[in-house]
Amino acid sequence: MKLRSGNTRSFRLLTALLLNGKIALILMILSAVIVKAESQSSLYYKDKQALDDAKLTGTVQAIDDFIHQHPNSAWLNNATYYRDKQALDIAKSADTVEAIDDFIQRYPNSKWLNNAIHTRDKTVYNRIKKIGTKDAFEEFLNKYPNSKWKNKGKRRTKLTQPIFKNVTTV
């Protein structure tokens, strides 16, 4: 089939327009991707600055505020890790079992949870050891059956039992 010269020019013009339309569409898509990447990059650094500002305040509440205000931030894991570490340090400095238990209840998914449990159990065990009674050790074993210190507690329970079990007084 042979095209007339007028049809050939129309075909070339139509082809050029289609190609230009595809190129224009590709350029529009690329510019949208670039704009999105630039805004994400800007957001990344804005979030970083907001987290740094929260850290400078030195309070757990400031980091909590960052976490709640930036739930999709690229810095969320960093903020959570830092907040949990700071909260545990504060609980440890209080030097009470209640403060550590409060941390354990507030942050059950913390990467610092095992550290907190170990600190609590060790603190309780050392206090029970000072009391030194069988009942105190049994209470420890009942309250913290999965404690790393349970075997020491069991040994202490055996040591605190009377030596002469079957001896009656005269």
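The values are calculated or read from the model by the stated rules, or taken from the named source; none is laboratory data. Predicted, not measured: the structure shown is a model, and the values here were computed from it. Neighbour counts are summed over all protein chains in view; Cβ atoms, including those assigned to glycine, are modelled from backbone coordinates with ideal geometry. Protein only, heavy atoms only, side chains kept; ligands, DNA and RNA dropped before computing areas. Shrake-Rupley method; radii C 1.70, N 1.55, O 1.52, S 1.80 Å.
Selection over segment 101-117 of residues that are modelled with pLDDT of 95 or more, among the hydrophobic types (A, V, I, L, M, F, W, C) and surrounded by 16 or more Cβ atoms within 10 Å (Cβ to Cβ) gives a count of 4. Out of Thr59, Thr96, one residue alone is β-branched (Val, Ile, Thr) and within 27 Å of Leu43 (Cα to Cα). It is Thr59.
Yes/no matrix, rows are residues, columns are (1) open to solvent by 60 Å² or more (accessible area, probe 1.4 Å); (2) within 30 Å of Tyr107 (Cα to Cα); (3) modelled with pLDDT of 95 or more:
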| residue | (1), (2), (3) |
| --- | --- |
| Leu18 | yes, no, no |
| Gly21 | no, no, no |
| Ala24 | no, no, no |
| Met28 | yes, no, no |
| Lys36 | yes, no, no |
| Leu43 | yes, yes, no |
| Asp47 | no, yes, no |
| Ile63 | no, yes, yes |
| Ile67 | no, yes, yes |
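Note on segment 49-61: residues that are among the small types (Gly, Ala, Ser) and farther than 22 Å from Arg106 by Cβ amount to 1.
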